[in-house]
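What follows draws every value from the coordinates through simple rules; no lab data is involved. Just so it is clear, the structure is predicted and the values come from calculations on it, not from any experiment. In this analysis, Cβ positions are derived from the backbone assuming ideal geometry, glycine residues included, and neighbour counts consider all displayed protein chains.
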Amino acid sequence: MFVMELTYTAGLESIDAVLPQHIAWLEEHYAAGTFLASGRKVPRDGGVILAVGQDRAGVEALVANDPFVRAGLAEYRVTEFLATTTGPELAAHRQQLPA
């Protein structure tokens, strides 16, 4: 599982101009089952996405296609972790520690 933290590198006026494309990108990945949760950080200087993926390289390629990144408006920090404990809602994504 991955925590994808994005930080804006431009003002909110520029972010808001590209926001509809970013939302469409989010919706595409929710429909594919890749994104589990997302939202704005408080204060509004970026956002966080909780995602599942096969490997880090695939997730890095995915974030490179975010319209915010393509427009040079945001940067991502991707953190991979093993979700060994989850609530019932995420039980299908529970992972095992390597042997």
### Task
Could you look through the stretch 46-68, keep only residues that are exposed (fewer than 14 other Cβ atoms within 10 Å of the Cβ) and not hydrophobic (A, V, I, L, M, F, W, C), and pick out the one that is farthest from E80 (Cα to Cα)?
N65
#### Entry: Residue in the stretch 55-65 that is β-branched (V, I, T) and in contact (Cβ under 8 Å) with a residue 24 or more places away in the chain present
yes
### Message
Which count do you get for residues in the stretch 10-29 that are closer than 28 Å to T86 by Cβ and surrounded by 14 or more Cβ atoms within 10 Å (Cβ to Cβ)?
### Response
4
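Please work out if L82 is hydrophobic (A, V, I, L, M, F, W, C) and part of a loop (DSSP other than H, G, I, E, B). Lay out the reasoning, then the answer.
On the way: hydrophobic (A, V, I, L, M, F, W, C): yes; part of a loop (DSSP other than H, G, I, E, B): yes.
Taking the combined requirement at face value, the residue satisfies it.
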